[in-house]
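The values are calculated or read from the model by the stated rules, or taken from the named source; none is laboratory data. Keep in mind that this is a model prediction, so the values were computed, not measured. Note that we place each Cβ from the backbone using ideal geometry, even for glycine, and neighbour counts take in every protein chain shown. Heads up: the accessible areas ignore ligands, DNA and RNA and are worked out on the full protein's heavy atoms, side chains in. Shrake-Rupley method; radii C 1.70, N 1.55, O 1.52, S 1.80 Å.
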Amino acid sequence: RQLKDSQQKCAQLTEQKQKLEDELLNVLDTSTNSNEQLTKVSTELRSRDAEIEKLREAAAEQLRSAQHSQQEMEQKLQQQVRATKDLETSLSQLKESAVKTEQQHVEKVEKQ
């Protein structure tokens, strides 16, 4: 009877050992899968970080270019404003000169 009990106990322990070994294999497999997934996600994150950095650099370059273009446009606008004022001044002077010339002509005609 003790032999039978010992054999049953041995069978139970062997079964428990097998279950624990199977569980350990499952945990190791899951761990390996998790490590693989972690490596994959980590690689993907590094790739996306690199893409984000490239986009930031491109955006910064576009901003610099836009600011440069804006400065050039402002300078051209200021030049055009000055040129317009100069033309208005010249036109005003020509009108004044024309009026004076007309008055002088009228005065000459009246004297004759």
**Request:** Over the stretch 1-100, with every protein chain in place, what whole percent of the accessible area is carbon and sulfur at 1.4 Å, could you tell me?
**Result:** 54
**Asked** Just going by the charge dipole of the chain, with Lys and Arg at +1 and Asp and Glu at -1 on Cβ, which of Gln104, Ala83, Leu20 is farthest out on the positive end?
**Response** Leu20
**Complete:** Between the residues Ser92, His68, Thr30, the Cα farthest towards the positive end of the dipole of the chain, that dipole coming from +1 and -1 charges on the beta-carbon of Lys, Arg, Asp and Glu, is from Thr30
**Prompt:** Placing +1 at every Lys and Arg Cβ and -1 at every Asp and Glu Cβ, with all other atoms neutral, what dipole size does the chain have around its Cα centre, in debye to the nearest 20?
**Reply:** 140
**Prompt:** What whole-number value in Å² describes the accessible area per residue of the chain for a 1.4 Å probe?
**Reply:** 98
**Item:** Hull-based mean projected area of the chain, where the convex hull spans the alpha carbons, in square nanometres
**Value:** 11.8
